[in-house]
Amino acid sequence: MSIAVRSLGHTYHPGTPLETRSLSDISFDFSRGTWFSVAGHTGSGKSTLAQHLNGIIRPMEGQVVVDGMEVKDKSPDLREIRRRVGLVFQYPEQQIFAETV
């Protein structure tokens, strides 16, 4: 799988007093077979970046392309992108187990 990110930017709550810039001009390429890790302080944008890679958050600025499929609003490719890019949240047991079914 290849992933290309070009000039990715994200702002939470734009135009409000809570506006917070999370990502600014992020660009990288990962080709098939490449391993990578993302490290940083709390609130540095790691989760925001990861959520862009599988389309939980769509790019406000820039572009994310997974195996030739662009992550964007109303893309018919979002389902396939999500099949290829998995995301485990900080507390994975909340993803897997629940009190009710």
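The values are calculated or read from the model by the stated rules, or taken from the named source; none is laboratory data. Since the model is a prediction, treat every value here as computed from it, not as a measurement. Note that each Cβ is placed from the backbone with ideal geometry, even for glycine, and that neighbours are counted across all protein chains shown.
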Here the qualifying pairs (Cβ atoms under 7 Å; residues six or more apart or on different chains; first in the stretch 1-19 and in contact (Cβ under 8 Å) with a residue 12 or more places away in the chain; second assigned to a strand (DSSP E or B) and exposed (fewer than 11 other Cβ atoms within 10 Å of the Cβ)) come out as SER7/ASP25; GLY9/ASP25
Going through the stretch 25-39 in order, the residues found to be loosely packed, with under 10 Cβ neighbours inside 10 Å and either at pLDDT 90 or above or not small (Gly, Ala, Ser) (or both) are SER31, ARG32, TRP35, PHE36, ALA39
Scanning the stretch 64-83 for residues that are surrounded by 15 or more Cβ atoms within 10 Å (Cβ to Cβ) and either in contact (Cβ under 8 Å) with a residue 12 or more places away in the chain or in a strand (DSSP E or B) (or both) gives VAL64, VAL65, VAL66, MET69, GLU70, VAL71, LEU78, ILE81, ARG82
Scanning the stretch 65-91 for residues that are more than 12 Å from the chain's Cα centre (by Cα) and basic (Lys, Arg), the one nearest to PHE30 (Cα to Cα) turns out to be ARG84
Reported set for the stretch 19-44 where residues are assigned to a loop (DSSP other than H, G, I, E, B) and aliphatic (A, V, I, L, M) is VAL38, ALA39
Only one of SER22, SER7 is surrounded by fewer than 14 Cβ atoms within 10 Å (Cβ to Cβ) and touching a strand residue (DSSP E or B) at 6+ places or on another chain (Cβ under 7 Å), namely SER7
In the stretch 2-18, anything in a loop (DSSP other than H, G, I, E, B) and either touching a Ser or Thr at 6+ places or on another chain (Cβ under 6 Å) or small (Gly, Ala, Ser) (or both) is listed as SER2, GLY15
Residue hits (the stretch 47-101; modelled with pLDDT under 85, among the hydroxyl-bearing types (Ser, Thr, Tyr) and more than 19 Å from MET1 (Cβ to Cβ)) are TYR91, THR100
